[in-house]
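The values are calculated or read from the model by the stated rules, or taken from the named source; none is laboratory data. Values in this document were obtained by computation on a predicted structure and should not be read as measured data. No Cβ is skipped: glycine too gets one built from the backbone with ideal geometry, and neighbour counts run over all protein chains shown.
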Amino acid sequence: MSEKMLRLHSYESFGAVDGPGIRLVVFLQGCPLRCIFCHNPDTWDPQGGVSVTKEEIVKRARRMRPYLGAEGGVTFSGGEPLLQAAALIPVIHALHDEGFHVAIDTSGAIDTPEARQVLDLADLILLDVKSPFPDRFKEITGLDFIATKQIFDYLKEIRKPVWIRQVVAHGLNHTDAEKDATKSLIHGLNVQRIDRLPYHELGLHKYESLGIPYRGSMLSVPTQEELSL
Ligand code: SF4
């Protein structure tokens with residue numbers, strides 16, 4: 001029974017940017033990364049949030065169906081959804097059984113057999129590029145680049161459709177060298193869309209209320225030129 005429960009942070013019922021069409025976005029709780037520009041530190045604690053069953057998620061998707069249209073569907077985000085890959089597998093199967101399009105928004109930083117199964121099953125991967133450089137990746141996230149690189153290679157191998165997402169912060173990853181290396185890293189992926197998202201500080205109040213020191217105070221919003229790829 002317990003392996004079927006997921007830790008949930010929150011839902012967003014009319015997501016318009018996390019995949020095609022209108023989406024039910026399921027923000028799962030827990031993340032092993034500590035991105036310097038993260039605006040959702042409240043999703044980090046894997047013990048936080050609330051427990052939710054597969055049936056509850058599917059029921060909510062069913063209620064949303066009239067609004068999702070032909071293009072929309074369900075997106076699992078976080079936090080890092082691959083942290084709960086084993087519990088996510090039956091949920092994706094259940095959603096597919098009812099005809100829902102399923103997207104996974106991931107950093108790719110978890111490489112386990114279950115994580116790969118989730119990537120196999122999903123219809124679309126929203127793939128976050130933190131940095132193409134291993135040392136900068138570690139500086140940004142606190143993790144080694146190895147698992148992420150393996151997951152990028154795996155997504156190339158299985159030709160899974162991906163949307164690339166990259167937060168760009170001046171003072172961190174805004175340089176032309178980052179752009180060139182990003183192009184090399186994503187070369188060979190089945191890329192359907194690239195979104196370079198400007199750094200912002202909208203989540204700063206969460207750090208204050210959680211009592212977590214904010215590491216990104218030296219960062220600033222990139223120029224349009226820095227944002228282009
Ligand atoms: S992967 Fe996402 S949720 Fe996790 S620390 Fe990075 S930005 Fe935050």
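Considering (1) without any contact (Cβ under 8 Å) to a residue 60 or more places away in the chain; (2) within 16 Å of the ligand (Cβ to nearest atom); (3) of a type in the set (A, V, I, L, M); (4) assigned to a loop (DSSP other than H, G, I, E, B), the lone condition that Ile36 does not fulfil carries the number (1).
Conditions (1) in a strand (DSSP E or B); (2) surrounded by fewer than 18 Cβ atoms within 10 Å (Cβ to Cβ), marked per residue:
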site	(1), (2)
Glu56	no, yes
Lys59	no, yes
Arg63	no, yes
Ala85	no, no
Ala94	no, yes
Glu114	no, yes
Leu127	yes, no
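Considering region 1-54, and only residues there that are over 22 Å from Gly73 (Cβ atoms), surrounded by fewer than 15 Cβ atoms within 10 Å (Cβ to Cβ) and of a type outside the set (Asp, Glu), the residue that is modelled with the lowest pLDDT turns out to be Met1.
Evaluating Gln166 against the criteria (1) over 15 Å from Ala109 (Cα atoms); (2) part of a strand (DSSP E or B); (3) in contact with a Lys or Arg (Cβ under 7 Å, 6 or more places away or on another chain) leaves one unmet condition, (1). Just one of (1) modelled with pLDDT of 95 or more; (2) more than 17 Å from the chain's Cα centre (by Cα) fails for Gly216. It is (1).
Among the residues of region 116-125, the one identified as assigned to a loop (DSSP other than H, G, I, E, B) and either hydrophobic (A, V, I, L, M, F, W, C) or within 16 Å of the ligand (Cβ to nearest atom) (or both) is Ala122.
The set of residues from region 41-56 being within 17 Å of Ile104 (Cα to Cα), near the ligand (Cβ under 9 Å from one of its atoms) and touching a residue at least 40 places away in the same chain (Cβ under 8 Å) is empty. Only one of the numbered conditions (1) among the small types (Gly, Ala, Ser); (2) within 11 Å of the ligand (Cβ to nearest atom); (3) in a strand (DSSP E or B) is violated by Gly30, and that is (3).
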